[in-house]
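First up is the structure itself, then whatever we jot down about it.
The values are calculated or read from the model by the stated rules, or taken from the named source; none is laboratory data. Given the structure is predicted, the values throughout are model-derived calculations rather than measurements. Neighbour counts run over all protein chains shown; Cβ positions are idealised from the backbone, glycine included. Ligands, DNA and RNA are stripped out before the accessible areas are found, and what is left, the full protein with its side chains, is counted by its heavy atoms. Shrake-Rupley method; radii C 1.70, N 1.55, O 1.52, S 1.80 Å.
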Amino acid sequence: MAKIKHNNFLDTVNDVFTDAIDEGILHLYAEGESFNGRTIGVKNRSLFHFGTTGYLGLEQDSRLKDAAISAIQRYGTQFPLSKSYISNPLYKQLEERVSQMYNHPVVITKNSTLGHLGVIPSAVRDQDAIILDHQVHWSVQSAAKVLKLRSVPIDMIRHNDLNMLEDKIKAYSNTRKKIWYMADGIYSMFGDFAPVKELRALSLKYPQLHLYFDDVHGMSWIGKNGTGYVMSEINELSENMLLFGTLSKTFGASGSVLVCSNKKLYQEIKTFGGPLTFSAQLEPASVAAATASAEIHLTPEIYELQDDLKGRVEYFNELVKQTDLPLVDKNRSPVFFIGTGMPKTGYNFINRLMNEGFYVNLGMFPAVPVKNTGVRITISRHNQREEIKALVDAMAYHLPKAIEETHTNLRRVYEAFKLEPKTTIDTSVNSDLKVQIETSILEIDKVTWNRLVGTSGVQDYDGLKFIEQTFSNSELKENNWNFWYVMIYDEKEDPILATVLSSSLWKDDMLANLTASKIIEEKRQTQPYYMTSKVLSLGCLFTEGNHLYVDENHPRKKEALNKLMQLMEGLEKSSDSMMLVLRDFNDNQEFHNNFLGQGFVRIQMPNSCKVDLKTDVSIEDYISNLSSRSKKHFRKDIEAYEDSLHISVMQNLNDIQIKQVHQLYENVRKNNLGLNTFSYPLVLFKNMSDSPNWEFIIITIPELPNMIIGVMFCYKNNNHTYVPSLVGMDYDFIDKYQTYRQLLYHTIKRSIQLNFRHIDFGMTASFEKRKLGATVEEKYAYIQTSDNYTLELLGLLESK
């Protein structure tokens, strides 16, 4: 059965972060003997600081500093006891002041991450359900996942999609007591808002709905007493809401705060809240600084600070409005996101801005989809108007330069974020590369195609002709595929690049683990197209192996690859595909770096297996060259059963046999959810029987001669390559006769009889294939999507 590595997501994040670290964007160290908030030292330079989350500048307020210093002198650097026993003397005053701000009881936590871990498992009962906005902060998602151990269902909706949320509420309303929806008040990347008023209205319509808001980025700069964006929208916290604010970031100190109007729930959380009970409490300096900040929040001064910041935010907005900069969400928060699209454009842009004297953050995967990389800018009271204008001027100048240097264009950036350009954008590219795009293999020169791309698998000329004819004019949309054949030539008409692309309906969990697919397949019993998407990919769902030819020695190969990426983006849009997939690559560092920079993330595919055969070798010679352990396996698990079976190779099948082998294939497909695909239609197997390029290795038993118990569907590639493309088995006989191992062995035997040089065994079951001498290769796919929703939902399901 196909397996995907369980640490696949972490490997993907590591790839993306490592790339950014190598570009000098992440894991930097600030420099300097002191900070004033306006500038920050980076790489031996003083840069204007547009990356802080201290929007009001309170972290530099002398009252907070004096309070922290005094607390250390009086109480030391820490108070090393659990709050369950006794709290630092300063805690009581802090709790009183923050409670005054909200007019509700509060629980002070060490930070928001520990706070969520303490509160969510206490507030959510086993009879409840959780629905997450797919962009809610990682700390909320991580705490929610803990409840899977208690079998609490955890679901997810697309960002701010209230229709989807309402559908989920209806689905859980008859089986769950409370339905918790968890969201951010202000989202940390784009600075956009949760629809708080609409969510409250929805909770009145559905009393089971409870709201859990993380509003740490909305704190202080808005709302009565600086209580944040959520409170500014609803004024009063109802008993079906829990709200997290922060004592760090804009508040200027350290820690986090839970606001709870339900007295019973408040008491339960305060009495025993997991990490809230066992974790160390805030240091005296932090408590004192937070108290000083709370006292400022309780005076009219907080509104003066808010208005001052508001003026700077409005000034930035007005300046950006006069440019072509792709501002992703225009709003009144101090968080802004200028899209760059591809990561490599983002790296180039940020390094240019740092060279101009500005420090900004990179917004990148997994916080945003990889192709939605951009520059995250924060405005604070530290930023003066002259440097705000200088930053916008620098961005307006350098973004086009970064785009040009990374071989993209502004139109691609706008399209990646689904933005409307403010002006007509010139997307012309000077290139004398010739591009040929055809929608049928019949329009491509057969000899050239077979030489460049058709050397393996079913992707030679005749194989693709067969696939085109099979997957068209079907009543089922999953069996209607579109194809594009791309050839890119240099000025001398020599091919630099060749590939085949297809657009078809995929199951979103095709490469997910077995747990996720089982859960999803249950829903597909009543919703056949649940979690399916149209995908534009290299190759197609029926082919495996190398689908991309690139002349490695050609000086313009990178230009040709960039041209292919732009062509794919256009085809993705015109075909209404939701995702781009580049498939079946070895661990090629050059391709890896190129694809990462183009906005793709790498995932591990099932291993692929192949056998290279020597000329004039017999099957006996082949077996004799296996390892002693493999020869023992052959004698025990294959040879011992061979006389009990009837093995035949058939070129054509009758209608009854076609139905039999189709059912055997279905048995294997349903049993192999680790590589979860739609069922292939019956016409595929009829067409195989009619084609001279296909044959069937058939296993029957003497006592039931008309009953097929195993079949290998084999394609004869023009390049002396034998391709066992599909397998079918009756699982009632698999252990008794070792059917699968017999089919593998007789595939090798048949290849030798035909004098073929290679066997493309393809993916899955690499352990069994290795025992018969196959070599195993790790394979990777690169995916690009403008929406992380599917990836994050699969992550939830895979961890169940």
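Ordering M164, M531 from largest to smallest accessible area (1.4 angstrom probe), what's the sequence?
Highest to lowest solvent-accessible surface, that is M164, M531.
Hey, can you grab everything whose amide H is under 5 Å from the amide H of L726? Only 5+ residues off in sequence or another chain; H modelled, so Pro and N-termini drop out.
F713
Within straight cross-link reach of K401, meaning Cα distance under 20 Å, which aspartates and glutamates are found once same-chain residues fewer than 8 apart are removed?
Leaving aside aspartates and glutamates fewer than 8 places away in the same chain, those within reach of K401 are E23, D324, E356, D393, E415, D426, E559.
Would you pull out the residues with amide H under 5 Å of L613's amide H, same chain only if 5 or more places away, H placed 1.01 Å from N?
Under 5 Å from the amide H of L613: H758, I759.
Within the accessible area of region 122-190, what % is carbon and sulfur when the probe is 1.4 Å and the other protein chains stay in place?
48 percent
So which of K507/K610; K110/K148; K477/K686; K145/K771 end up more than 30 Å apart by C-alpha?
K145/K771
Tell me which residues come under 5 Å, amide H to amide H, from E544 once H is placed; ignore anything under 5 positions away on its chain.
Close amide H contacts, sequence-distant or interchain: V458.
In sequence order, what are the phi-derived ³J(HN,Hα) couplings for region 371-387 according to the Karplus relation 6.51 cos²θ - 1.76 cosθ + 1.60 with θ = phi - 60°, rounded to whole Hz, with x for glycine and proline?
So the Karplus estimates, Gly and Pro as x, are 6, 10, 4, x, 9, 9, 10, 10, 9, 10, 5, 5, 6, 8, 4, 5, 7 Hz.
By average Cβ neighbour count within 10 Å, what is the ranking of 706-712, 682-688 from highest down?
In descending order of packing, they fall as 706-712, 682-688.
Please give the per residue accessible area of region 162-256, computed with a probe of 1.4 Å over protein heavy atoms only, in Å².
In whole numbers, region 162-256 has 33 Å² accessible per residue.
Could you please report the charge total around T323, scoring K, R as +1 and D, E as -1 over all other residues with beta-carbon less than 11 angstrom from its beta-carbon?
Counting the neighbours of T323, the net charge comes to -1.
Order the peptides 87-96, 459-468 from the highest to the lowest mean number of other Cβ atoms within 10 Å of their residues.
Most protected by this proxy first, the peptides run 459-468, 87-96.
Under a plain spin-label model, where a point goes 7 Å from the Cα along Cα-to-Cβ, how far apart in nm are L26 and K177?
In this crude label model, L26 to K177 measures out at 4.1 nm.
Between A201 and K310, what's the calculated FRET efficiency when r is the beta-carbon distance and R0 is 22 Å? Round to 0.05.
0.20
Sticking with the crude label model, points 7 Å out along Cα→Cβ, report the distance from K636 to D735 in nm, one decimal please.
Roughly 1.7 nm, to one decimal.
Got a sec? Charge dipole of the chain, +1 on Cβ for Lys and Arg, -1 for Asp and Glu; which of T455, N262, I520 is way out at the positive end?
Positive-most Cα among the choices belongs to N262.
Got a number for the accessible area of F417? Probe 1.4 Å, square angstrom, nearest 10.
Here the accessible area works out near 30 Å².
Whole Å is fine, so just give me how far the alpha carbon centre of region 441-488 lies from that of region 75-91.
Rounded to whole Å, the Cα centres lie 71 Å apart.
Determine the percent antiparallel among the DSSP beta bridges restricted to region 127-237, to the nearest 5.
5 percent
Using the Karplus equation 6.51 cos²θ - 1.76 cosθ + 1.60 (θ = phi - 60°), what ³J(HN,Hα) coupling, rounded to whole Hz, does each residue of region 737-753 give in order, writing x for Gly and Pro?
Couplings: 10, 6, 4, 5, 5, 4, 5, 4, 4, 6, 5, 5, 4, 5, 4, 5, 4 Hz.
Determine the distance separating the Cα centre of region 545-607 from the Cα centre of region 317-345; give it in Å without decimals.
When both Cα centres are located, 28 Å separates them.
How much of the accessible area of region 272-373, in percent, comes from carbon and sulfur atoms when a 1.4 Å probe is used?
Taking all protein chains in place, region 272-373 shows 51 percent carbon and sulfur surface.
Need the C-alpha centroid separation for region 8-36 versus region 210-245, integer Å.
Here the two parts' Cα centres lie 32 Å apart.
How would you rank 448-458, 146-156, highest first, on the average number of other Cβ atoms within 10 Å across their residues?
So the peptides 448-458, 146-156, ranked by packing, come out 448-458, 146-156.
Lys/Arg Cβ at +1, Asp/Glu Cβ at -1, dipole of the chain taken about the Cα centre: which of C609, P153, L538 is farthest positive-ward?
Of C609, P153, L538, it is P153.
Would you kindly derive the ³J(HN,Hα) couplings of region 334-339 from the backbone phi angles with the Karplus curve 6.51 cos²θ - 1.76 cosθ + 1.60 (θ = phi - 60°), listing them in order in whole Hz, with x for Gly and Pro?
My calculation for region 334-339 gives x, 10, 10, 9, 9, x Hz in order.
For the chain, give me the percentage of DSSP beta bridges that are antiparallel, rounded to the nearest 5 percent.
Among the beta bridges of the chain, antiparallel pairing accounts for roughly 80 percent.
When Cα Rg over 2.2 N^0.38 Å is calculated directly from the model, which label among [x] 1.10; [y] 0.97; [z] 2.63 fits?
[x]
If R0 is 30 Å, what FRET efficiency do you get for Q93 and Q267 from their C-beta distance, rounded to 0.05?
0.90
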